[in-house]
Structure formats: C-alpha cells, structure tokens
Amino acid sequence: MRSEMSAEMEKFRIDTLSCPVFCPHQARLTEAESALEQSNAEVDSLTSQLPALRGDRNWLITNGLVEAFEYLYQSGPFTVLIDRLSAVAYQSGHHDGVYKGYFECQQSEITPEFHTARGKFQVDMADALEAAYNEPLPAYADLMDKVNEDGIVSLRLMLDPAEESEEE
C-alpha cells in the first residue's frame, strides 16, 4: 500500500515539476514529500515495535500481574498489616463471643465493662483499618520504580529473573 502511494507520489512529482504552473509550489511539494517520508519512517519504527509490545502485554496478562500481586502479598509490611488486622478482628470477635455467651448463660444484662472493652476493640480495629489504607507499602513503591525505570523489562527481571536467564 505504501509503495503504491510512493509510486503515485513520484509520478505526481514528475508531472508537477514538468508543468510550468506548479513550479512556484515546488518548495511546498518538497516539504510535503519530506513530511511523508518522515511519517513513513515513524510508521515503520512503530510497526517494528509491535511484536515486542504484544509480548509484554501477554506477559503482563498471563504472568506479570499474578507475580506482582504475589510479590506484594509476600512482602513483610503487607504481612504485618494483615497480621495486625487479623489480631484485632480476632480479639474483638473473641471478646464479643465470650461475654455474650457468659451473660446469656447467666441470664443477666451486659455490663458497662463489656461496652467499654468493646469500644476499645472497635477503636483498635478502626486504627488498624486506617493504617491499612494510609500506610505506604514499600513493595508497591519498588514495583512502580521498576516500571518507571525502563518499563516492563525491569519489572520482568525483578519478578521473574529465572525467565530472563532461560531466554539467554
């Protein structure tokens, strides 16, 4: 398609150069030809990058996202965060269950101490949830730094160094 267009352009160029009416517009024609050649070079460059980009996309879909989540999941700060949330949830649930069972068994009203302790556990849970939303995860920053460094290549090396050594 492009070669047909170039052939037509060349024919048009020869026809216009031989015609005395278009001679004053020769500079514009040369400029348009130069722009067309530059555009063709850019199209060729982008077209040659397509297979690599498709490969990167497929790797991200099939392996990259899973490995990135696994990397985050296994990071120390994430584990500490989940442990904190789990401990607070367990304490709160355990406290509620023990006291409700005790007072149900005793057929008595729930005491103010129960509500005080429950309020403390709810504050602890709110603090843990706030920390989960607000505290940065260093592992996430590491992933983003690798992507910003030079794209998928660094991320691949970070997440799956064995894959890269197999390809060599």
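The values are calculated or read from the model by the stated rules, or taken from the named source; none is laboratory data. Nothing here was measured: the structure is a model prediction, and the numbers come from that model. Cβ sites come from the backbone with ideal geometry, for glycine too, and all protein chains shown count toward neighbours.
What the table below lists for this structure:
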{"quantity": "Tally, over the stretch 83-96, of residues that are closer than 20 Å to PRO136 by Cβ and modelled with pLDDT of 85 or more", "calculated": "1"}
{"quantity": "Qualifying residues in the stretch 130-141 (those that are surrounded by 14 or more Cβ atoms within 10 Å (Cβ to Cβ) and part of a helix (DSSP H, G or I)) - the one nearest to the chain's Cα centre (by Cα)", "calculated": "TYR140"}
{"quantity": "Residue that is touching a residue at least 24 places away in the same chain (Cβ under 8 Å) and either loosely packed, with under 11 Cβ neighbours inside 10 Å or small (Gly, Ala, Ser) (or both), where the choices are SER86, SER154, SER75", "calculated": "SER75"}
